[in-house]
1. Counting only C-alpha contacts under 8 Å and six or more residues apart, can you give the relative contact order of the chain as a whole percent?
2. For region 32-139, would you read off the P(r) tail past 25 Å as a percentage of all alpha carbon pairs?
3. In a solvent-free Debye calculation with one equal scatterer on each Cα, what is log10 I(q)/I(0) for the chain at q = 0.09, 0.11, 0.17 Å⁻¹, listed in the order of the q values?
4. Let me make sure I get this right: for region 191-283, a, b and c are the square roots of the gyration tensor eigenvalues over alpha carbons, sorted descending. Under 1.5 in a/c it's rounded, otherwise prolate if a/b > b/c, else oblate. Which is it?
5. How far, in degrees from 0 to 90, does helix 126-136 lean away from the longest principal axis of the Cα atoms of the chain, to the nearest 10?
6. Cut-off 10 angstrom, C-alpha nodes, Gaussian network model of the chain. Which of 167, 266, 207 fluctuates the most?
7. Under a no-solvent Debye model with one identical scatterer per Cα of region 143-253, what's log10 I(q)/I(0) at q = 0.12, 0.24 Å⁻¹?
8. Using Cα springs under 10 Å in a Gaussian network model of the chain, which residue among 23, 216, 77 shows the largest mean-square fluctuation?
């Protein structure tokens with residue numbers, strides 16, 4: 001694991017390196033800019049985009065009865081956006097419960113929509129949310145009876161709803177959006193087929209799976225899997241690392257925090273260390 005400094009330098013460590021960046025459409029611009037600032041040739045691969053689900057009746061009912069909840073837990077910036085639209089359209093609401101965000105990017109998205117944050121998880125995972133709530137209330141036993149609304153993706157990890165339910169909370173984990181795999185353009189398919197990366201960057205468990213699908217469609221499944229297994233790989237956090245491990249590959253780079261700045265710093269630190277080792281070997 002390489003955490004690196006929190007603020008990577010503007011140029012250098014990735015000079016001359018080719019990077020396949022597999023991320024959501026939301027994260028791609030910031031990460032691509034940061035990797036280019038380190039000197040790399042970035043091939044951005046949008047592997048996730050969010051779309052509204054067809055039936056929002058369950059979320060509408062929850063918003064109409066929002067007063068029955070003590071907490072809303074947002075586990076992604078997309079969850080914030082797809083909750084905010086029907087909430088702000090509702091004619092009668094009882095005001096917002098306390099709001100917990102899984103991490104700073106989600107908290108920032110919530111505040112932009114006018115949702116004040118009462119708690120941000122110390123560790124930016126579902127497990128971190130649970131641990132932070134337990135600390136907030138002085139122990140898991142004090143969560144009993146709380147009403148919790150989790151607006152989330154149609155397909156999402158079940159850890160948090162299950163853990164809250166086990167602690168005695170009343171939990172409504174309600175889908176408000178779905179993630180889909182965008183169609184790659186012809187130029188991207190050509191590059192995936194013909195170019196070999198020095199680094200692959202992955203930002204979620206679904207990004208791991210969808211990168212393999214996209215690369216397999218362009219270059220064939222055998223080539224896609226071989227490139228993943230043989231290339232230095234950076235992931236944004238432990239959940240992504242576990243998904244990558246399930247594909248038979250251990251990530252070389254895992255940041256200390258699951259944020260874009262920490263990921264860029266970890267990448268910089270890893271390749272700077274390699275460069276320093278190479279310089280020492282030649283001296």
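1. In percent, rounded to a whole number, it is 25.
2. The proportion of pairs with Cα distances above 25 Å equals 34 percent.
3. Rounded to two decimals, the profile gives -0.47, -0.69, -1.31.
4. On the way: a/c = 2.30, a/b = 1.33, b/c = 1.73.
It comes out oblate by the Cα gyration axes.
5. It is inclined by approximately 50 degrees.
6. Ranking 167, 266, 207 by mean-square fluctuation puts 167 first.
7. Result of the Debye calculation: -0.55, -1.27.
8. The residue with the greatest mean-square fluctuation here is 216.
Throughout, read-outs are computed from the coordinates displayed, never taken from laboratory work. Only a predicted model underlies this, so the values are computations on that prediction, with no experimental measurement involved. So basically every Cβ, Gly included, is an ideal-geometry build from the backbone, and we count neighbours across all protein chains shown.
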